[in-house]
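**Student:** Starting off with a structure, shown below.
The values are calculated or read from the model by the stated rules, or taken from the named source; none is laboratory data. Computed from a prediction, not measured in an experiment: that's the story for all the values here. Counting neighbours? That spans all protein chains shown, and the Cβs are built from the backbone with ideal geometry, glycine included.
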Amino acid sequence: MKIQLGCIAGDGIGPEIIREARKVLDKTAARFGHEIVYDDLLLGGASIDAHGVPLTEETITRAKDADAVLMGSIGGDANTSPWYKLSPDKRPEAGLLGIRKALGLFANLRPAFLYDALKEACPLKQSAADTGFDLIIVRELTGGLYFGERHTREENGQRIATDTLVYSEAEIRRIAVKAFEIARVRRKLVTSVDKANVLDSSRLWRAVTEEVAKDYPDVTLQHMLVDNCAMQLVANPAQFDVVLTENMFGDILSDEASMITGSIGMLPSASLNETKFGLYEPSHGSAPDIAGQDKANPLATILSAAMLLRYSFDLQEEADAIEAAVVKTLAEGYRTADIASGAEGERVVGCTAMGDAVANNTGGKSNEQ
Ligand code: NAD
């Protein structure tokens, strides 16, 4: 397969982690007989430096022309970077919001997976960490409370603020379809999270999700109230496979889910539109405090590249190979400083050596077969 990838290295540690992800992608592509062509695109601070704005029409057009986009991270140190002297609409983050909107990315996927080798970092009680977990949060990204009408007025000397939570049937259906499609290539369980005991929007969410479920008889659907889900995520995260939820609930639950893995440098993410197109990036930021020092953990970006192969190109075996290489590399003791615990057998390495180790393990399996 020939794959045309838009590639946004971005700012801070972005160029370092993207370099390692490309190393792993290229090795995997060579092993499975694919060709990846990269188109380097500017966004965020790098685009401000080159063009004076965080996002150009050219970047949007070229991103749309690509089959998918792989991104490092954007942004700088808000206290010291000149980018933050600009008005908010000209700062690096405005570029990210702008490209997500321009590409129609309405589905946000954030997996939370506990690696055997990193169980020590899990803040949950020992039994939950020992069982492990492997779940993915599918969050609606462009509707709900964050996009509804809002206003603040004054009445009888009191300020009264209103935010509106709106969802149409079509918005719910398209995100539910994504969740069921993803469950099909995983353990075939969708937990739809809502507040249907109180909210009309949640009752519609539940009704439409049940309609969509009829098209996926091989996938089990269960409903859970959001307050219960928040508790269950820390009590027994192993029960979840795909967690489907609306924008605000997803915002909160996906942060909770990332915390229970204990390591931000390990968490990939994807944002998808209605086609197979997606923007894939680590969940962490540009870590300006360690930029250019070969200290960054590239694994979240490497795992984002695996998600890209899985969700935009249906290359399951190739994605599995990258994820297995990460597991193997951790089992061999390789750690960047952020995930090192000081335990015996650990080999603390920099960003480049970690990328090399994963790339070697990606190819290694084929030699053994
Ligand atoms: P951050 O995630 O960049 O850093 C938080 C802490 O985690 C830092 O100590 C950092 O060194 C560490 N860290 C993060 N990623 C790491 C990695 N891969 N390896 C090792 N350590 C890692 O969050 P922040 O400091 O709040 O934000 C820094 C900049 O990143 C800001 O400009 C912010 O706007 C931006 N940001 C961008 C994105 C994105 O591009 N999607 C997301 C979040 C923040």
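**Student:** I'd like the full set of residues that are in contact with a strand residue (DSSP E or B) (Cβ under 7 Å, 6 or more places away or on another chain), over 16 Å from Ala68 (Cβ atoms) and small (Gly, Ala, Ser), limited to region 11-42.
**Tutor:** The answer is Gly12, Gly14.
**Student:** Within region 94-107, count every residue that is within 11 Å of the ligand (Cβ to nearest atom) and either of a type outside the set (A, V, I, L, M, F, W, C) or part of a strand (DSSP E or B) (or both).
**Tutor:** Going through region 94-107 one residue at a time, the tally reaches 2.
**Student:** For region 38-83, name all the residues that are of a type in the set (D, E, K, R) and under 23 Å from the mean Cα position of the chain (by Cα).
**Tutor:** Matches in region 38-83: Asp39, Asp40, Arg62, Lys64, Asp65, Asp67, Asp77.
**Student:** A further question on this structure: May I ask you to verify whether Met266 is crowded, with 16+ Cβ neighbours inside 10 Å, more than 27 Å from Leu309 (Cα to Cα) and not aromatic (Phe, Trp, Tyr)?
**Tutor:** It is false that Met266 is crowded, with 16+ Cβ neighbours inside 10 Å, more than 27 Å from Leu309 (Cα to Cα) and not aromatic (Phe, Trp, Tyr).
**Student:** Now for a separate question. Looking at Ala117, Ala94, which one is more than 17 Å from the chain's Cα centre (by Cα) and outside the structural domain of Asp338 (by TED's automatic domain parsing)?
**Tutor:** None of the other options fit; the residue is Ala117.
**Student:** Moving on to the next point. Among what's in region 331-342 and is away from the ligand (no atom under 16 Å from the Cβ) and in a loop (DSSP other than H, G, I, E, B), pick the residue that is farthest from the chain's Cα centre (by Cα).
**Tutor:** Gly342
**Student:** Got a number for residues in region 269-301 being free of Cβ contacts under 8 Å to residues at least 40 places away in the same chain and crowded, with 19+ Cβ neighbours inside 10 Å?
**Tutor:** Final tally of qualifying residues: 0.
**Student:** I'm checking my understanding of the structure. Among residues of region 291-329 that are more than 19 Å from Ala30 (Cβ to Cβ) and among the hydrophobic types (A, V, I, L, M, F, W, C), which one is farthest from the ligand (Cβ to nearest atom)?
**Tutor:** Of everything passing the filter in region 291-329, Val327 is farthest from the ligand (Cβ to nearest atom).
**Student:** Checking the structure you have, find out if any residue of region 110-132 is of a type in the set (Val, Ile, Thr), in a loop (DSSP other than H, G, I, E, B) and in contact (Cβ under 8 Å) with a residue 12 or more places away in the chain.
**Tutor:** Looking for residues that are of a type in the set (Val, Ile, Thr), in a loop (DSSP other than H, G, I, E, B) and in contact (Cβ under 8 Å) with a residue 12 or more places away in the chain, one finds none in region 110-132, hence no.
**Student:** Then there's this: So which residues in region 343-355 are free of Cβ contacts under 8 Å to residues at least 24 places away in the same chain and either polar (S, T, N, Q) or in a helix (DSSP H, G or I) (or both), if there are any at all?
**Tutor:** The answer is Ala353, and nothing else.
**Student:** Return the residues of region 74-93 that are small (Gly, Ala, Ser), within 11 Å of the ligand (Cβ to nearest atom) and surrounded by fewer than 18 Cβ atoms within 10 Å (Cβ to Cβ); say none if nothing qualifies.
**Tutor:** Matches in region 74-93: Ala78 only.
**Student:** Give me the residue from region 347-366 that is more than 24 Å from the chain's Cα centre (by Cα) and at pLDDT 95 or above and, out of that set, surrounded by the most Cβ atoms within 10 Å (Cβ to Cβ).
**Tutor:** This residue is Val349.
**Student:** Quick one: which strands (runs of 3 or more DSSP E) lie wholly within region 221-330 and hold at least 2 residues that are within 30 Å of Asn79 (Cα to Cα) and either more than 19 Å from the chain's Cα centre (by Cα) or modelled with pLDDT of 95 or more (or both)?
**Tutor:** 268-272, 278-282
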